[in-house]
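Everything on this sheet refers to the single structure shown next.
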Amino acid sequence: MARRRHPPLPGAFASLTVLVLVLAACSSSHVASGHSTTTTSTAAAVSSSTTTASSTTTTAPAGPPGGPVPAGFQAQSVTFVSDQEGYVLGRTSCSAASCTAVLRTMDGGRTWAGIPAPSVGVGSGPEADEIRFADPMDGWVFGHQVLESTHDGGAHWSNVPLPGGGSIQSLEAGAGFAYALVITGNGANPAPAAVYRTPAGADTWSVVPGGTVPNAVAGVVLVHGPSLWMVVQPAAGASVFRAYSGGTWATRSLPCQGPSGDAIAAADTVDMAVVCASGAAAGQQPKLVYVSADAGSSWKAAGSAPQGGDTLGLAMASTSSLVISAASGASELYGSFDGGRTWTTVEQDTSGGGLPWEDLGFTDASQGVVVEGQVGIPGSRTHLYITRDGGHSWSPVGFTS
């Protein structure tokens, strides 16, 4: 289901758009589903849910029993494995060395419970800032230089060596695997980027042959069930877009010109959309939307989204319903419900001075999530928003037990 939330992009690429993939069952909201969950996959795939987004039925959790929501909890990243079960990584107001906390919901975000958290900090730099679950048992908390995993639903977390010893740019799950896009070294300088893969229930990361891109400064891996894409920003030139199918990589083209930022999403294994966004000035940025019905082999112009704010993410609930996140002087969500032709503002917050959005994505055609703000921004609080009508309206979530 959704995502931003991809780790902050370094260097010159930091000003570019964050790439987001939304899976039908695991989006950057990061959902994991039988079709996928890359959760982000939203990228990794988990068994698909048999409930509906409007259902309030709960089931017994597969992992540890939950406890109370810790005081002062601030959300940082969100991932769902079905429309009912989801997890939020964040930080509490405490005086301990690590105030990291993980919450779990079993009823679509209506109530929450605290579960054990990994012993890593949450924030910027070497700390963790993302959470992804492939299914109710297998999940990861990660940052550029840290990776923790659980294979018992969050009851226990273990430190995992960084795949390839490099800097993790993006991690998603789908179809029983987790994928990580890694740049060699610490990510501070241009270096080769490659995709690594492990079975969701293990920590045996190995490189996916043939996908290496030289001279990379940032990138994202997108997963939807068995479909896998990578988008890499090299030190110079346009983004490199590749698709993996049948054991081989195929290089494809994005419609965006030059080294502009691209926000990209998928509604299923073939239907995709991309926002070509560049030239931001005075809080305005052109946002040209293109769609593809053949997994990115070809693209067709759809329309233009409002210019307000710098583009941060894109999510697809279906081929007709798309949502763009943007921020500058304000924080905005723009929605289109006719395949990208026309757009309207579906959520706007002018109180925070333009807080960023993270982990925008859809669990299914009705339910989507996004986090506004980031842990550690002085004087601000983060908010988790959820939609249950395909992106037409969004409501802040209260973390109540």
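Throughout, read-outs are computed from the coordinates displayed, never taken from laboratory work. Keep in mind the model is a prediction, meaning the values are calculated, not measured. Every residue, glycine among them, receives a Cβ derived from its backbone with ideal geometry; neighbour counts consider all protein chains shown.
Some notes on this structure:
- Other-chain or far-sequence residues with amide H under 5 Å of Ser77's (modelled H): Leu89
- Shape class for segment 302-401, computed from the alpha carbon gyration tensor (a ≥ b ≥ c): oblate, with a/c not under 1.5 and a/b at or below b/c.
- Rounded if a/c under 1.5, otherwise prolate or oblate - segment 96-242, Cα gyration tensor axes: prolate
- Segment 204-298: C-alpha gyration tensor shape, a/c 1.5 cut-off, then a/b vs b/c: oblate
- Within segment 250-401: Cβ-based charge dipole about Cα centre, in debye rounded to nearest 20 (Lys, Arg +1; Asp, Glu -1): 220
- In this label model, Ser93 and Arg110 are separated by 2.9 nm, measuring between points 7 Å along each Cα→Cβ vector.
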